[in-house]
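*Asks:* Got a structure for you, questions after.
The values are calculated or read from the model by the stated rules, or taken from the named source; none is laboratory data. Not measured: the values here are computed from a predicted model. No Cβ is skipped: glycine too gets one built from the backbone with ideal geometry, and neighbour counts run over all protein chains shown.
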């Protein structure tokens with residue numbers, strides 16, 4: 001073996017270790033600070049360069065100082081060491097420091113283990129289908145690095161190591177599927193960790209004129225809906241979200257605590273049963289078809305507020321699937337409480353005076369609350385109002401400016417102005433935000449509701465009917481009830497418009513979304529209730545953990561027996577070469593004595609080099625090296641050969657060197 005080949009062989013484990021850790025760090029490149037990724041990649045490059053050529057690595061004190069500096073940098077960036085983002089950044093930089101002190105095989109195992117922990121952190125952070133192949137490739141890379149590092153004397157070439165890692169992953173796949181299906185799932189989100197640094201998507205609990213503009217231009221999915229039977233018509237697909245009561249003259253806000261009692265409802269019309277797969281939006285509300293009858297069944301703690309919002313005990317940090325039943329028409333069975341009326345008629349003093357005067361004038365001419373509602377809708381229909389997503393900026397008295405000056409806006413403007421006019425006339429009213437409509441996906445058989453479908457409407461209290469939905473946007477832009485914003489106003493990015501206009505691209509997009517929906521509902525959303533449903537389909541009646549435990553134990557036993565059978569069919573390992581082991585012990589003793597053998601030296605060349613460098617040591621060891629050459633290359637066999645190997649082993653053991 002030439003010196004160049006020997007150096008290349010010695011650097012292979014370091015190269016695979018650095019590749020595994022660098023890939024793990026790159027999984028977090030958009031989550032951790034840029035400097036942390038640069039530190040990780042720089043440390044890997046430094047360590048690999050030092051393995052290929054004479055290059056000094058930092059000493060013990062330099063590494064300690066670097067670790068302390070990086071710890072302080074992470075703490076200064078995140079103000080904490082807790083949390084997924086801060087913990088991942090800390091693991092990235094500390095693992096980078098560890099790569100600079102990898103001199104033994106055990107050190108390389110530690111770095112590869114850190115790479116696997118980085119993979120785990122990435123899985124905890126994001127479980128989208130698009131990232132699944134990246135995770136699979138990274139675990140394959142880490143297993144290959146383990147194979148190269150663990151194999152003695154680096155005798156496993158790269159292709160064999162990659163194949164070995166692939167076979168091991170394939171052998172582990174049945175066990176992984178077994179554990180996924182049968183391991184008992186805890187209630188709630190087991191791997192959804194709070195992320196304070198995550199930007200909130202979707203609707204918020206406040207609404208100012210212009211606040212929904214960004215959502216209306218986004219084609220990102222908000223949730224997907226599967227109906228049992230016929231769905232409601234498009235003009236009744238209102239998906240209820242936060243209800244806003246408090247108004248300061250410009251911004252509407254949701255009340256954290258609704259302290260009035262809910263008025264009993266009578267649900268009219270058909271009952272719509274459906275299943276929703278909700279995308280993470282990091283808020284507490286779940287969206288349902290207006291109006292939901294009862295909270296969804298399941299392990300998550302969800303309640304219906306007095307204003308018919310569906311609110312969970314924990315934010316939605318991961319895709320969430322639930323079933324619900326709703327009616328699109330209801331009727332109140334009692335009067336509105338005093339506290340609810342007070343909250344639904346409050347207006348800020350000394351704000352929007354022209355709107356208040358207009359409301360008094362219209363209410364005086366109307367004979368009833370119903371007539372007054374119709375009069376305000378007629379004002380919007382015939383008053384020259386225009387529906388647009390790019391309205392002009394409003395002044396301090398936003399409702400006055402909208403009604404009497406700009407007369408341009410979208411759903412938020414019309415809902416805000418309508419509720420203000422209602423309250424100014426003493427009619428209880430509130431703003432409801434959510435989504436309207438949904439796009440049919442024929443591939444997956446569901447409706448996809450996008451952020452572009454974000455909508456705001458109004459509810460007024462009418463005696464004898466209760467809370468009644470009134471959508472003032474419908475009288476200004478009637479097509480909004482049947483068409484989405486993207487189709488109605490040709491909004492969205494240029495690629496999104498091209499996809500929607502090209503049939504085959506639209507089909508591909510729908511197919512990809514259907515695959516994502518399956519991934520979110522069947523894989524990410526696989527919970528304890530789904531496990532029990534699966535057992536039921538298999539004919540196992542289960543109401544507790546015991547059937548799952550027995551199924552897990554039986555499957556694990558079968559997998560172990562299968563692995564044992566596979567190993568039993570493998571070819572037997574080659575017999576141990578006693579002569580080679582004895583020669584290796586001899587070379588190790590001489591190396592400790594300060595006379596190491598060069599990788600390219602054979603036994604006779606090694607003996608000559610020893611005699612030249614240390615005549616006394618060479619004279620003592622030369623006979624042993626010559627005997628090894630004779631035994632190895634002399635071609636003898638049989639009992640006499642075994643006796644000579646035994647004698648050689650004994651003489652090597654008796655050799656004393658300093």
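*Asks:* So residue 411 fits all but one of (1) at pLDDT 90 or above; (2) closer than 16 Å to residue 207 by Cβ; what number is the exception?
*Replies:* For residue 411, the exception is condition (1).
To keep it simple, each residue is scored yes or no on (1) touching a residue at least 40 places away in the same chain (Cβ under 8 Å); (2) not assigned by TED's automatic domain parsing to the domain that holds residue 68.
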position: 103; (1), (2): no, no
position: 106; (1), (2): no, no
position: 113; (1), (2): no, no
position: 123; (1), (2): yes, no
position: 129; (1), (2): yes, no
position: 156; (1), (2): no, yes
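*Asks:* What pairs come up if the first residue lies in region 594-614 and is at negative phi and in a loop (DSSP other than H, G, I, E, B), the second is loosely packed, with under 13 Cβ neighbours inside 10 Å and at pLDDT 85 or above, and their beta carbons are under 8 Å apart, counting only those six or more places apart or on different chains?
*Replies:* Matching pairs, first to second residue: 595/613; 597/591.
*Asks:* Quick one: residue 513 ticks every box in (1) in a helix (DSSP H, G or I); (2) modelled with pLDDT of 95 or more except a single one, so which number is it?
*Replies:* Unmet for residue 513, out of (1) in a helix (DSSP H, G or I); (2) modelled with pLDDT of 95 or more: (2).
*Asks:* Name the one entry in 306, 353, 335 that is farther than 30 Å from residue 270 by Cα and either crowded, with 17+ Cβ neighbours inside 10 Å or touching a residue at least 24 places away in the same chain (Cβ under 8 Å) (or both).
*Replies:* Of the residues listed, the single one that is farther than 30 Å from residue 270 by Cα and either crowded, with 17+ Cβ neighbours inside 10 Å or touching a residue at least 24 places away in the same chain (Cβ under 8 Å) (or both) is 353.
*Asks:* Read through the list (1) surrounded by 16 or more Cβ atoms within 10 Å (Cβ to Cβ); (2) closer than 29 Å to residue 69 by Cβ; (3) under 23 Å from the mean Cα position of the chain (by Cα), then give the number of the only condition that residue 102 fails.
*Replies:* (3)
*Asks:* Moving on. Can you name every one of the strands (runs of 3 or more DSSP E) wholly within region 394-486 that holds 3 or more residues which are over 35 Å from the mean Cα position of the chain (by Cα)?
*Replies:* So the answer is 454-462, 466-470.
*Asks:* When you go through (1) closer than 24 Å to residue 317 by Cα; (2) outside any loop (DSSP other than H, G, I, E, B) one by one for residue 19, which number turns out not to apply?
*Replies:* Going through (1) closer than 24 Å to residue 317 by Cα; (2) outside any loop (DSSP other than H, G, I, E, B) one by one, residue 19 breaks only (1).
*Asks:* Among the residues of region 381-413, what is the count of those that are buried (at least 22 other Cβ atoms within 10 Å of the Cβ) and touching a strand residue (DSSP E or B) at 6+ places or on another chain (Cβ under 8 Å)?
*Replies:* Qualifying residue count for the region: 6.
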